[in-house]
Amino acid sequence: MNFNRKLVINYSRVYGENKAINAESLSALNKVTWSKVLARLNYLARHHKHDGIIDVINDWFSKDNRDHANQLLNLIVNGYKDTNVHPRELLTINLWSNLHLLDEILSTQNDPEKHLDNNESEKELFDIYLAVNGLFGSKTDGIFDSVPANEYPEVVDRLARVTLTNLLPYHDLNHFKPLELLVAGTIKAYYLFSFLEPEHGELLALFLKPYGIDNWRDYLKGILPIAAHATSEGDGSGLNYMNIEHSENKDQSKAFLDHLALVDETEYQVKTDFLNARAKPLFRTGEDNYLILDSVLLVNRIYNSIFFELLRLAERNKKLHASYKDFFGLYTYDFIEKYLSYTLLDKIFGKTSYYRLSGKQIKDKFGLDTEPDYYVRNGHKVFLFEVKGSMLTGEAKQSFHFPTIANELWQKYVHDDKDEGNKAVQQLAERIDYLFSENEGYDKNRHPDKLRIYPVLIVSELALTAPGINVVLNDWFQNEISKRDRLHHNRYRIFPLVIIDLDTLILYSEAFELNRGMFEASLGGYFAAIDRGKIKPKKGVPPTTGYIEDLMMRSYQPYNGFLHDFKKLTTPKLFMEFGTELVSPQKK
């Protein structure tokens, strides 16, 4: 298997020695230089314009550094001569390197006494970038070793885990369109603020204070134009600026943008990845001018960073509410697993004649503790939903080490070994086992011997849609089925586990609502698309490694990726309704 066919240019290959990436070198960089370069690099990486090394060097260095650029090009060509790789096949721009370097620079206090001028900053930044590429290369080089062939003798199983380990570190910041993230994020933010408003007004006030506003609708009014601007293509240079010189409310706009820009240090006590890059997607280049460092980071700010800021504030103000001792639990359980998921699933199935119950309804009405998060039955077809708001730690995501990632997935989605608690995968198996029993439970009109079960895991984190995760979780799910006699006997009436992220559910909830058979049809199409039985050569055509790898990769695709091809996405009317409400005068 030749997983990565392009070599990433790194410092040690070019110069014959390693280069440390430390605060001393980062603090001396000219901010204007690095902000423009990284904004440009992010644009090129996201638009798949990985130009050859000559184009990259010409684009990177100014005329004053032309001699240095020519010398550097010769070093690179000579450094890779023995690899038999043409210079055009050498990869310089890498999104992980972009994000890692941006995160490192943002976390470093600038030292004005050691400032390099623009020309020297160009040189130093390029060398640092190659050193970061080297770090990326050293991490990815160990991926295959972390998935031993003796443990995964089937090549399709091994490649699934290699793919997952390689893509997970930046999947949530790489494989999604900014406009779709904007729509989904706006709707989620609206629901989150609506959820918090009745009982958590003081926390909201603390969140809004730095922006100079006292109403969360004004927050969305302020951030939407910024996020929308980030989704525009601009002039193709990758340097997308926002200017507020002629803004109607310049002072408020400035206060709002400054909080999103690199003007101060903010401390977050959260174990996530690329935290500084996620939190500061703008760079102020002048009194009224701001550079968008990355479109996806800025759009994600509309929702993901809201949570991290609220979490930080709740941790620092635990006396305000008893639940703030565990704000993460309040968010994941009360908001994600109950409020938001119930709202969306009620919307999707509310106008059907299907028998449906939320987990709360099952518990309140029937007093059972084996309830799913949401239950829907259409005849003999059962759609069984478990919702999990768990988040993977940045340490696990950035490990590039499958056992570390697998342990994280197991603990959060299968079984918590510390408290002996069953998680989503085992809970689904338990719920299905109950449905095949003779107990009347919460659906006395079902016929256990005729049921066909569609198990669905709804997740809040986009990283859980990385290709390969569906394979790993499904393998564990099938293992749970094999361990239970009743489930093993009925295994042919249990469909594979489907992982659906909340963003996808939000974006397609209206389409599912209007076309009542579409959700089921999409599941059927997805099962056909990931069928491993299709991984075989065409009749009469000698197979190539590339062809077979492509078939395997298709079997790893997440549901959201398949759905984009299955049904063209249109902007939900819900988003348009929210937008109208946001700009409408509020009743006193």
Overall dimensions of the range 126-272 by Cα: Rg and Dmax, Å
21.4, 66
The range 286-360 - percent of accessible surface contributed by carbon and sulfur, probe 1.4 Å:
51 percent
Here D for the chain, in µm²/s, from Stokes-Einstein with a Kirkwood Rh over Cα pairs at 25 °C and 0.890 mPa s, works out to 94 µm²/s
Which shape class applies to the range 495-546: rounded if a/c is under 1.5, otherwise prolate when a/b exceeds b/c and oblate if not, where a ≥ b ≥ c are the square roots of the Cα gyration tensor eigenvalues?
prolate
Can you show me the helix-derived [θ] at 222 nm for the chain, built from DSSP H runs with n ≥ 4 at -39,500 (n - 2.57) apiece and divided by the number of residues, rounded to the nearest 500.
-15000 deg cm²/dmol
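Which of the GluC sites (Glu not before Pro) found in the range 131-209 are loop residues per DSSP with 13 or fewer other Cβ atoms within 10 Å of their Cβ?
Answer in residue order: E151, E154, E199.
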Taking a crude spin-label model, label points 7 Å out from Cα along the C-beta direction, the D485 to I535 distance in nm is 3.4 nm
For the range 455-565, what is Rg from Cα atoms divided by 2.2 N^0.38 Å, rounded to two decimals?
1.20
Would you work out which of N174, L159, L204 lies farthest towards the positive end of the dipole of the range 106-233, given +1 charges on the beta-carbon of Lys and Arg and -1 on that of Asp and Glu, about the Cα centre?
L204
Of the cross-linked pairs K365/K412; K280/K412; K139/K188; K483/K536; K188/K360; K81/K534, which ones have a Cα-Cα span greater than 32 Å in the structure shown?
K139/K188; K81/K534
Inter-part gap, Cα centre of the range 83-123 to Cα centre of the range 334-373, in whole angstrom, is 49 Å
Compute, for the chain, the length of the dipole vector about the Cα centre, with Cβ point charges of +1 (Lys, Arg) and -1 (Asp, Glu) only. Units Debye, rounded to 20.
2060 debye
If packing is taken as the average number of other Cβ atoms within 10 Å across a peptide's residues, how do 59-65, 78-84, 277-283, 507-513 rank, most packed first?
277-283, 507-513, 59-65, 78-84
For the chain, take the longest principal axis of its alpha carbons; what is the angle in degrees between that and the long axis of helix 250-260, to the nearest 10 within 0 to 90?
80 degrees
Whole-Hz Karplus ³J(HN,Hα) for the range 91-104, in order, using 6.51 cos²θ - 1.76 cosθ + 1.60 and θ = phi - 60°, x for Gly and Pro?
9, 9, 7, 9, 5, 4, 4, 4, 5, 5, 5, 4, 5, 5
Taking every DSSP beta bridge with both residues inside the range 367-504, roughly what % is antiparallel (nearest 5)?
35 percent
Convert each backbone phi in the range 433-439 into a coupling constant with the Karplus relation 6.51 cos²θ - 1.76 cosθ + 1.60 (shift: θ = phi - 60°), then list the ³J(HN,Hα) values in order as whole Hz, x for Gly and Pro.
4, 5, 5, 7, 7, 8, 5
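The values are calculated or read from the model by the stated rules, or taken from the named source; none is laboratory data. These figures come from a predicted structure and were not determined experimentally. Heads up, the Cβs are rebuilt from the backbone with ideal geometry, glycines too, and the neighbour counts pull from every protein chain shown. Protein only, heavy atoms only, side chains kept; ligands, DNA and RNA dropped before computing areas. Shrake-Rupley method; radii C 1.70, N 1.55, O 1.52, S 1.80 Å.
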